Amino acid sequence: MSSFIKYRCEGCKNEQVIFSKPSSVVNCLVCNNELATPNGGIAKVNAVELEILG
Ligand SMILES: [Zn+2]
């Protein structure tokens with residue numbers, strides 16, 4: 001099951017919604033920290049999970 005999840009960047013505290021199975025690297029829009037990388041279909045996230053949006 002895939003979903004959208006709201007994360008807070010560990011670097012700058014920016015809150016950003018990320019697809020749970022991204023097809024490419026997702027970077028923070030503010031500080032360019034790498035938030036998620038494709039990893040066998042499940043994102044590896046370098047951020048704090050706040051909320052699952054479904
Ligand atoms: Zn950031």
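Sorting LYS44, LYS21, LYS6 by accessible area puts them as LYS44, LYS21, LYS6; the probe is 1.4 Å, largest comes first, and only protein heavy atoms count. Per-residue extension of 0.36 nm, minus the Cα-Cα distance of SER24 and THR37, leaves a gain of 4.0 nm for this segment. Lys and Arg at +1, Asp and Glu at -1: add these up for the other residues within a Cβ distance under 14 Å of LEU50 and post the number. Cβ neighbours under 14 Å give a net charge of -1.
Residues whose amide H comes within less than 5 Å of that of ALA36, counting only those at least five positions distant or on another chain, are VAL26, ASN46 (H built at 1.01 Å from N in the peptide plane).
Computed from the Cα positions only, the extents of the chain along the three principal axes stand at 29, 20, 13 Å, in decreasing order.
Overall, the range 4-52 carries a charge dipole of about 60 debye about its Cα centre when +1 sits on the Cβ of Lys and Arg and -1 on the Cβ of Asp and Glu, all other atoms neutral. Our summary gives the chain a relative contact order of 41 percent, counting only alpha carbon pairs under 8 angstrom and 6 or more residues apart. Accessible area ranking (1.4 Å probe, heavy atoms, ligands and nucleic acids excluded), largest first, for LEU35, LEU29: LEU29, LEU35.
The values are calculated or read from the model by the stated rules, or taken from the named source; none is laboratory data. Because the structure is predicted, anything quoted here is derived from the model rather than measured. For neighbour counting, all protein chains shown are included, and Cβ atoms are generated from backbone atoms with ideal geometry for every residue, glycine included. Please note that ligands, DNA and RNA were not included when accessible areas were found on the heavy atoms of the full protein model with its side chains. Shrake-Rupley method; radii C 1.70, N 1.55, O 1.52, S 1.80 Å.
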